Amino acid sequence: MNKSIIIVDKVGHRSFIAARYLKMKGIEDVRRLFGGLEEWQDTFGVEDIIHKLNLLGQKDSDSELPPLPL
């Protein structure tokens, strides 16, 4: 069973480095929360973040979430 790896940090800088490292090591399905948790909390609120992260982790989800850019 293949799963996505979603990397989350406070403001987005460390998740970029971690995601790039994992991709260099051959892990294909790596995503990060662009802008970090602080920006998403300010924009969407905590409950919406948890819901979106759960949807991103589901490969067969019908949701219309954009990919998290690296």
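The values are calculated or read from the model by the stated rules, or taken from the named source; none is laboratory data. This one's a predicted model, so the numbers in the text were calculated from it and none came from an experiment. Cβ coordinates were reconstructed from backbone atoms using ideal geometry, including for glycine residues, and neighbour counts include every protein chain displayed. Heads up: the accessible areas ignore ligands, DNA and RNA and are worked out on the full protein's heavy atoms, side chains in. Shrake-Rupley method; radii C 1.70, N 1.55, O 1.52, S 1.80 Å.
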Practice problem: Amide H neighbours of Arg31 under 5 Å, at least 5 residues apart or on other chains, H built in the peptide plane: list them. | Solution: Ile5, Ile6, Ile7
Quiz item: Of all the accessible heavy-atom surface of the range 1-50, with the other protein chains kept in place and a 1.4 Å probe, what percent is carbon and sulfur?
Solution: 56
Quiz item: So how much accessible area does Ile7 have, in Å² to the nearest 10, using a 1.4 Å probe?
Solution: 30
Quiz item: Label-point separation (nm) for Ala18 and Asn54, each offset 7 Å from Cα along Cα-to-Cβ?
Solution: 2.1
Exercise. Figure the gain on full extension for Lys3 and Glu47 (residue separation times 0.36 nm, minus the Cα-Cα span) and round it to one decimal in nm.
Key: 13.6 nm
